[in-house]
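Read-outs throughout are calculated quantities, based only on the coordinates presented, and are distinct from any laboratory measurement. Here the structure is a predicted model, which is why all the values come from computation and not from measurement. Neighbour counts are summed over all protein chains in view; Cβ atoms, including those assigned to glycine, are modelled from backbone coordinates with ideal geometry.
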Amino acid sequence: MMTLMVAGRAVRRGLFGGVSAGRVAAVVGRNVGALRSGPAYWLVLLSGFFEPLLYLLSIGVGVGALVGTVPVGGRPVEYAVFVAPAMLAVSAMSGALSETTFNVFFKFKYAKTYDAVLATPVRPVEIVLGELVWALVRCLFYTLLFLVVMVVLGLTSVGGAVAAFPAAALVGLAFGAAGMAISTFLRGWQDFDLLTTGQFTLFLFSGTFSPVHDYPVVFEVVVTLTPLYHGVELVRGLAVGPAGWTLVVHAAYLVVMAVAGLWVASRRIGKLLLV
Amino acid sequence: MAEEPLIFARGLVKRFGDFTAVDGIDVSVERGEAFGFLGPNGAGKSSTMRMISCVSPPTAGELRILGMDPVRDGVAIRGRLGVCPQLGNLDTDLSVFENLTTYARYFGLSRAEARRRAGELLEFVQLADRARGKVEPLSGGMKQRLTIARALVNDPEIVLLDEPTTGLDPQARHLLWERLYQLKRQGVTLVLTTHYMDEAEQLCDRLVVMDGGRIVAEGSPRELIGRYSTPEVVELRFAGGADVAVKLDGVGERVDSLPDRVLVYARDGDAVVAEVHRRGLAPLSVLVRRSTLEDVFLHLTGRTLVD
């Protein structure tokens, strides 16, 4: 906890020194304007919500009927209850990622949106923060809808949903920042295939559909190093239980990922556009 | 006490790897001036403009904009500049009006102020009737005017225009020149790059000719023409071709043989035409005209300005 606070202070001074909230808000405002000006974006927004929901219904509820119960922290729970928090984390991940990969990449590489923005007082780190805030808004929109569905289906309590909400937001923040850093390395649209494959692999093997302890030990270790696993464990721990100190480790992992992503993305945008 | 120049560069260099785009230039632009960088593609104009816009750190040399250091005080300087880039980067996801209001917000203008400015500027560039429309269907000239409006949204002290009229039809160019002239009359300092001689002559009080990253000449359009050319130029076209130049030896002050025509520089063009006929030469066409910056450029760099 202490290290987190010290790291936080260093980050505020180093990475975010001189950041203007007004300029970050202006970057967010640009996206609000784009959202208002066409219906296409709303469709994209909706599709991102339905995908994890369909998985929840087909696998969580459908396959769940065959599976029965799964032990979570020594307590047997319905399979759908096990899968639902994972789908929530996935929904937060993909919501944030699609915003900071597809949209950011397009603006960065093709629309030259950021070239125009950087001719104003706005700095790279402010662009990155603005885009991240926007990605977070999208992610929270998904998360909220999904939590409502979970409560309605009896997959978590209202208390669990309230606790899981900020956790899902942290997942969105971490993946949003990482996604933006990745976007600055993508060479073209063909690289999105790699990204999609990576995302799908995380989606399948991050303790989403079966407990990681069921995997061979080498595999389990690999999984515990990947980010979505920590997202899933954190969200599940808060929505279903058991809450414990390990949740802090999961949260810390995601915080570090968010800061690293922000740092890399800001550096890269500055390095590539301010030449 | 004389005011510090708005833009001051000494020995300014920009290198990209092994390639030297700008090779040690000295420039100084005073408040209220219209200053031009003239030169062919690849002369280093755009690299210079990017350094002045504080979006490209100089490799070497000294550069001060509005009395500040562009690397350290970039945010403060950019807040007082208006940049109109060569490649259109208007936001196609936003309406014409929102392109301006959004941009205004980057400069910290309030929402109300941004809307007021956007309305005014769309009137100024004659796009008020397109305010609610999309950017994509606008013509090249309209997009360029919108980009200029966007560059003015923060009421800048210096407006930087990188080839503002390239690719525009004559009508669109003239409308744009007229608007830029109005800005100049309002006291805005204009810095522009161009490879059009007529544009430089129309708009610039003072200009530098760049070639290969260096400044090869500096002065007002009139001064440059006076220094590097003659008052008049006679353009002659012959059926035969190259060997004609020899027969023109001693006609006028200087003879330039181009692939398609011969240029004779002289104080009195009509006298040259008379002399050509006296020597028994029969050109296919004869054009006597006033000397332009094109001639200056040709003289300085030894080639025509064809990109």
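Inter-chain neighbour count for B:78-89: the average number of beta-carbon atoms from partner chains within 10 Å of each residue's beta-carbon is 3.
Classified by the C-alpha gyration tensor, segment B:155-307 has a prolate form. Its axis ratio a/c, with a ≥ b ≥ c, is 1.5 or above, and a/b is larger than b/c. Only beta bridges with both residues in the protein assembly as shown are counted; by DSSP, about 70 percent of them are antiparallel. Bridge orientation summary for chain B: considering DSSP beta bridges with both residues in this region, about 65 percent are antiparallel. Loop-located trypsin sites (Lys or Arg not before Pro) in segment B:51-126 (DSSP state not H, G, I, E or B) with no more than 16 neighbouring Cβ atoms inside 10 Å: B:72.
Between A:130, A:172, A:198, the residue with the greatest mean-square fluctuation in the GNM of chain A (Cα pairs under 10 Å linked by springs) is A:198. Between residue A:194 and residue B:31, the simple label model (points 7 Å from Cα in the Cβ direction) yields a spacing of 5.3 nm.
The largest-to-smallest principal axis extents of the Cα set in the protein assembly as shown are 112, 58, 48 Å.
Only counting other Cβ atoms within 10 Å, I'd like B:93, B:249, B:73 sorted with the fewest neighbours first.
By the 10 Å Cβ count, ascending, the order reads B:249, B:73, B:93.
The phi torsions of segment B:202-213, fed into the Karplus equation with coefficients 6.51, -1.76 and 1.60 and a -60° offset, translate into couplings of 5, 9, 8, 6, 8, 8, 10, 9, 10, 8, x, x Hz, rounded to whole numbers, with Gly and Pro shown as x. Here, segment A:83-166 has an Rg and a Dmax of 16.4, 52 Å when only alpha carbons are counted.
Please average, across the residues of B:99-109, the number of beta carbons from any other chain that are within 10 Å of each residue's own beta carbon, and give a whole number.
Per residue, the average neighbour count from other chains is 6.
Averaging over all projection directions, the Cα-based convex hull of segment B:230-290 occupies 3.4 nm² in the image plane. Residues considered: B:17, B:74, B:187. Largest GNM mean-square fluctuation over chain B, using C-alpha springs under 10 Å, is found at B:17.
Full extension of the chain segment joining residue B:222 with residue B:254 gains 9.6 nm, where the gain is 0.36 nm per residue of separation less the Cα-Cα distance. Along its first, second and third principal axes, ordered by size, chain B spans 74, 45, 41 Å in Cα coordinates. Size descriptors for segment A:42-273 (Cα atoms only): Rg and Dmax, in that order, 17.9, 59 Å. Pairs exceeding 26 Å between alpha-carbon atoms, taken from A:271/B:184; A:112/B:45; A:112/A:271; A:107/B:184: A:271/B:184; A:107/B:184. In percent, rounded to a whole number, the relative contact order of chain A is 25, using alpha-carbon pairs under 8 Å and six or more apart. Around the amide H of residue B:207, modelled in the peptide plane, lie the amide H atoms of B:36, B:219, B:220, all under 5 Å away and 5 or more residues distant in sequence or on another chain.
Spherically averaged projected area of the convex hull of Cα atoms, segment B:115-241: 11.4 nm². So, in Å, what gap is there between the alpha-carbon centers of segment A:41-120 and segment B:4-73? If we compute the Cα centre of each part, the gap is 47 Å. So what's Rg/Rh here for segment A:48-128, counting alpha carbon atoms and using the Kirkwood radius for Rh? Rounded to two decimals, Rg over Rh is 1.29.
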